[in-house]
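What follows is a set of notes on a single structure, which appears directly below.
The values are calculated or read from the model by the stated rules, or taken from the named source; none is laboratory data. In this text, all values refer to a predicted model and were calculated from it rather than measured experimentally. Cβ coordinates were reconstructed from backbone atoms using ideal geometry, including for glycine residues, and neighbour counts include every protein chain displayed.
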Amino acid sequence: MAISVARLRRIVTVEPVILLYMTALFLVTPAYQQLIISKICSEQYWPASAECKDLAAYPEAHQSVQRSSSMVILLYTSVLSVLSIPPAMLLGSWSDQRQRSDGGFRGSRRSLVLLLPCILSLASGGLLIAIAMVDQLGVLWMLMAAGLVGLSGGTSSLFLSSFSYLADLTASNEGVNRTLRMAVAEAMIFVGGTIGFLLGGYLEEQDWGMVIAFSSFCGCQLLSIVYILVWLRDPIIPARLTSSYGSINPSSEDDATPSILSHARRSLAVVFKERPDRGRFKLLLLIVCTFINNLVAVGETTISLLYLSYEPRNFSTQLYGIFHSIRMLLLGAVLLLVFPLLLKRVSEHTLAKVSALFRSAALFLMAFSTNTWMVFLVCVIGAPSGIGQAVVRSLSSAIVEEHEQGAMFSFSASVEALCILLAGLLFNGLYPLTLATVAGMPFVVMATLMLVVFILMQWISESPATHPRLLLSD
């Protein structure tokens with residue numbers, strides 16, 4: 001029985017944590033954006049005014065609230081991003097330190113890093129409940145809620161620890177097995193998005209209000225904390241794969257504990273370290289791909305509700321939730337069901353390039369959508385979009401050594417955290433400027449950026465392979 005539990009713990013690992021965290025995130029995103037719109041309307045007019053009861057019926061008021069909301073969302077994402085960068089830069093390298101165990105080394109800190117964003121997000125959810133319930137708490141209190149999540153690194157810390165954990169777990173199984181595990185974990189983001197948006201739409205339909213949405217957010221964080229403490233165990237890396245361990249960082253607790261700055265320096269050293277087969281060059285290109293993929297993802301999240309609720313689309317929050325639920329469901333289904341089948345016949349690089357092209361086409365369509373069916377067609381065209389980042393993560397982890405996984409993902413997570421700020425500045429800044437002319441211009445910019453990813457992936461695919469990458473056998 002003990003062996004069965006241990007085996008199950010190697011099969012079901014960080015995926016439920018990603019699922020719960022992303023369910024909570026996608027549940028709370030439209031809720032906090034709607035809370036910002038509601039607070040701003042109340043401050044510009046008053047809560048019981050005709051404008052706030054039916055904002056779409058007053059075009060001038062609607063446009064004014066849209067512009068102000070966009071700026072507050074920009075501040076929210078800026079606070080979240082700036083505060084996320086230091087922990088994202090430090091925690092991965094810190095979690096790379098290991099304890100000696102039977103047959104190898106055990107990464108003793110991956111689970112601790114996973115706990116941090118869950119705990120502080122729970123505190124942030126409590127503050128959001130207070131803001132929604134107390135009229136005297138103005139819209140700028142939202143920045144404190146963002147700050148609490150930012151101090152933990154948020155999704156950056158979650159992803160760096162999760163994908164480092166999977167890299168450790170698959171250390172003795174190079175290649176496609178790691179890619180599939182990464183793809184399943186990546187799919188949990190979209191499955192969580194589906195559940196989160198469906199749950200959010202259901203709560204609005206029942207007219208239970210934003211307080212219930214924020215309470216559900218807290219409940220997901222609490223479940224994640226319990227799961228990590230009760231179930232998750234850090235994997236053991238075989239000693240034969242750690243022969244060079246300690247070349248950049250101490251390998252045991254007997255060594256001197258590095259300072260905070262040394263963790264940041266180590267992350268930089270791992271990324272810019274000279275590697276055979278142009279490994280450093282390819283790793284830097286993959287990090288640029290990660291940067292663009294996340295810049296586009298954050299941009300979509302921050303302006304899609306504003307864009308779709310504006311004329312002529314006039315999406316309600318409920319319809320917005322249905323749209324994103326279908327979109328996330330298709331993204332997750334392609335990663336879980338279609339991607340493993342394609343991987344038997346098509347190389348990872350080719351799939352990543354095709355994914356970038358489909359995502360670019362979907363964004364172009366979104367930019368010029370004028371009615372509901374065109375918006376929902378975006379879901380179908382963009383269904384393969386999630387493949388690209390799963391491949392990028394797998395290729396990146398294959399370039400660095402096993403004891404460098406946390407440091408590499410830490411640097412990538414810092415880049416992802418920076419995307420939150422830059423996406424807010426770029427897309428939330430661009431959206432009000434083009435609102436009266438071409439409201440979909442931010443999506444045109446995103447689509448163009450995805451063409452850049454396609455070019456970079458083509459460049460990477462033409463470089464010498466760092467490790468043999470085999471097609472999945474039957």
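For Q318, all conditions in the list (1) within 22 Å of F197 (Cβ to Cβ); (2) modelled with pLDDT of 95 or more; (3) polar (S, T, N, Q) hold save one; what is the number of the exception?
(2)
Exactly one of (1) at pLDDT 90 or above; (2) within 29 Å of V65 (Cα to Cα); (3) within 14 Å of the chain's Cα centre (by Cα) is unmet by G147. Its number?
(3)
Does L377 satisfy the condition of being in contact (Cβ under 8 Å) with a residue 24 or more places away in the chain, among the aliphatic types (A, V, I, L, M) and closer than 29 Å to M441 by Cβ?
Criteria not met by L377.
Name the residue, out of S224, S161, that is buried (at least 24 other Cβ atoms within 10 Å of the Cβ), hydroxyl-bearing (S, T, Y), part of a helix (DSSP H, G or I) and at pLDDT 90 or above. Give the steps one after another, and end with the answer.
On the way: S161 fails: at pLDDT 90 or above.
Of S224, S161, the one residue that is buried (at least 24 other Cβ atoms within 10 Å of the Cβ), hydroxyl-bearing (S, T, Y), part of a helix (DSSP H, G or I) and at pLDDT 90 or above is S224.
Within the range 112-158, track down each residue that is under 18 Å from L229 (Cα atoms) and crowded, with 18+ Cβ neighbours inside 10 Å.
Across the range 112-158, the qualifying residues are V113, L114, L115, L116, P117, C118, L120, S121, L122, S152, S157, L158.
Please tell me if L261 is out of contact with any Phe, Trp or Tyr (no Cβ under 8 Å at 6 or more places or on another chain), aliphatic (A, V, I, L, M) and more than 18 Å from A356 (Cα to Cα).
Details: out of contact with any Phe, Trp or Tyr (no Cβ under 8 Å at 6 or more places or on another chain): yes; aliphatic (A, V, I, L, M): yes; more than 18 Å from A356 (Cα to Cα): yes.
Considered against the rule, which asks whether it is out of contact with any Phe, Trp or Tyr (no Cβ under 8 Å at 6 or more places or on another chain), aliphatic (A, V, I, L, M) and more than 18 Å from A356 (Cα to Cα), L261 comes out as yes.
Quick one: R7 ticks every box in (1) modelled with pLDDT under 85; (2) part of a loop (DSSP other than H, G, I, E, B) bar one, so which box is it?
Result: R7 passes all but (2).
What number goes with the only condition from (1) surrounded by 21 or more Cβ atoms within 10 Å (Cβ to Cβ); (2) out of contact with any Lys or Arg (no Cβ under 7 Å at 6 or more places or on another chain); (3) at pLDDT below 90 that D102 does not pass?
Unmet condition: (1).
Only one of these conditions is not met by F368: (1) within 20 Å of F291 (Cα to Cα); (2) over 21 Å from the mean Cα position of the chain (by Cα). Which number is it?
Tallying (1) within 20 Å of F291 (Cα to Cα); (2) over 21 Å from the mean Cα position of the chain (by Cα), F368 fails exactly one: (1).
Being buried (at least 17 other Cβ atoms within 10 Å of the Cβ) and either at pLDDT below 75 or within 20 Å of M133 (Cβ to Cβ) (or both) is the filter here; which residues of the range 43-66 pass it?
E51, C52, L55
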